[in-house]
Amino acid sequence: ISVFDPKSSTWTQITGTTGLPFTDISRISFTPQGELLVGTTWGAAHRAADRWHYFAGKRWVPNDLITGVAMGPDGTIWLGTGQGIGRVARIPMTLEEKAAHYKEITRARHNRMGMFTGISLNAPGDLDHFRRNDDDNDGLWTQMYIAAESFRYAVTKDPEAKKNARESFEAMLRLEQFPRELGNPGFHARSIVTIDELLAQQPTCSTFTQPTEICACKWQEWMTSSKKWKKWLPDVTGKFCFKGDTSSDEIDGHMFGYSVYYDLAAETEEEKNEVRGVVFRLMNHIVDHGYQLWDMDGTPTTFGRWDPDHVTMNEIRFK
């Protein structure tokens, strides 16, 4: 965008290097306060107090090719497109109201057996039809949720917050329970799925009848650096599959969530003993295996390494 100042008869440029989000301009307008509104072939932009706000994608507009831009007296931004008009309005919220808004979304769509992670929409913009998926970091993300609800409980004493934190804490205990029942105490699986859930995701796996075969049928990743598979294995009941090759960032999340839950949400000695027990087994596992996280096959996981030789080698490599 080129701007001419008639007083000094000079031109200045507004470009990507000065903050313009996209430079294929379709429309230019101004707000009642004299702020710049820009429509482009890939979204719209609003510059207020030298700060740019960019609106693109189905979250903001029906189509990214902007044909008109305007702001109403109340500050609402209107964005015209060939597929309809987008309306961007600011809604005042307290922190508590904002937290409640996202809590409702999180629990309605992202809760899978007490674990929290992303989902897949069946169609863009359709929030009523979606698929809950397992994720490599189900443990890590869920521990963040446990910590958040524990913080909320400490401040508000809302029993719902305690109930939510407890539900997800029990899900995290299962991540350690399944490997422990198979002789690997302290090891935390990345995630778990039910056999029924797996078969719904991958119907071709129904050709197998044994839990070991069904779990092995689920998509597995070859880890080039460690020359091993990121495998799915059945639990002792044969009703669940759990994912191995857990990494250090997962363990970071577990230690954080467990500690916050212990300090702020676990009120009885029985609850505190549950946390003590799982953390005790986790740390003993790492120390007893030479500061390594050992997978179900008796070898270190790809990224569960804190042993001096491994850490020193990586320091030398990165230097």
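The values are calculated or read from the model by the stated rules, or taken from the named source; none is laboratory data. All figures in this text were calculated on a predicted structure; none of them were measured in a lab. Here the Cβ is made from the backbone with ideal geometry for all residues, glycine too, and neighbour counts use every protein chain on show. Protein only, heavy atoms only, side chains kept; ligands, DNA and RNA dropped before computing areas. Shrake-Rupley method; radii C 1.70, N 1.55, O 1.52, S 1.80 Å.
A few comments on the model shown:
- Subset of the stretch 57-70 (residues that are under 21 Å from ILE91 (Cβ atoms) and either of a type in the set (Val, Ile, Thr) or open to solvent by less than 30 Å² (accessible area, probe 1.4 Å) (or both)): GLY57, VAL61, VAL69
- Residues within the stretch 92-121 that are at negative phi, surrounded by 10 or more Cβ atoms within 10 Å (Cβ to Cβ) and in a loop (DSSP other than H, G, I, E, B), tallied: 4
- The one condition in (1) in contact with a helix residue (DSSP H, G or I) (Cβ under 9 Å, 6 or more places away or on another chain); (2) surrounded by 13 or more Cβ atoms within 10 Å (Cβ to Cβ); (3) assigned to a helix (DSSP H, G or I) that GLY304 fails to fulfil: (3)
- With respect to the conditions (1) over 23 Å from TYR291 (Cα atoms); (2) among the polar types (S, T, N, Q); (3) buried (at least 20 other Cβ atoms within 10 Å of the Cβ), THR237 falls short on a single one, namely (3).
- Members of the stretch 180-212 that are among the charged types (D, E, K, R) and open to solvent by less than 80 Å² (accessible area, probe 1.4 Å): ARG190, GLU197
- For the stretch 9-27, the criterion of being open to solvent by less than 90 Å² (accessible area, probe 1.4 Å), out of contact with any helix residue (DSSP H, G or I) (no Cβ under 9 Å at 6 or more places or on another chain) and acidic (Asp, Glu) is met by at least one residue.
- Here THR237 does not qualify as over 18 Å from ARG180 (Cβ atoms), out of contact with any Cys (no Cβ under 9 Å at 6 or more places or on another chain) and without any contact (Cβ under 8 Å) to a residue 60 or more places away in the chain.
- Any hit, the stretch 257-272, residues being out of contact with any strand residue (DSSP E or B) (no Cβ under 8 Å at 6 or more places or on another chain), basic (Lys, Arg) and open to solvent by 10 Å² or more (accessible area, probe 1.4 Å): yes
- Which numbered condition TRP78 misses (of (1) closer than 30 Å to GLY304 by Cβ; (2) in contact with a Gly (Cβ under 8 Å, 6 or more places away or on another chain); (3) not β-branched (Val, Ile, Thr)): (1)
- Total residues in the stretch 123-164, condition in contact with a strand residue (DSSP E or B) (Cβ under 7 Å, 6 or more places away or on another chain) and not in a loop (DSSP other than H, G, I, E, B): 7
- Within the stretch 13-64, the residues that satisfy the criterion of being modelled with pLDDT of 90 or more, farther than 18 Å from TRP78 by Cβ and among the charged types (D, E, K, R) are ASP24, ARG51.
- Residues within the stretch 45-80 that are in contact with a strand residue (DSSP E or B) (Cβ under 6 Å, 6 or more places away or on another chain), part of a strand (DSSP E or B) and not charged (D, E, K, R), tallied: 16
- The set of residues in the stretch 192-221 that are of a type outside the set (D, E, K, R) and modelled with pLDDT under 90 comprises GLN201, TRP219, GLN220.
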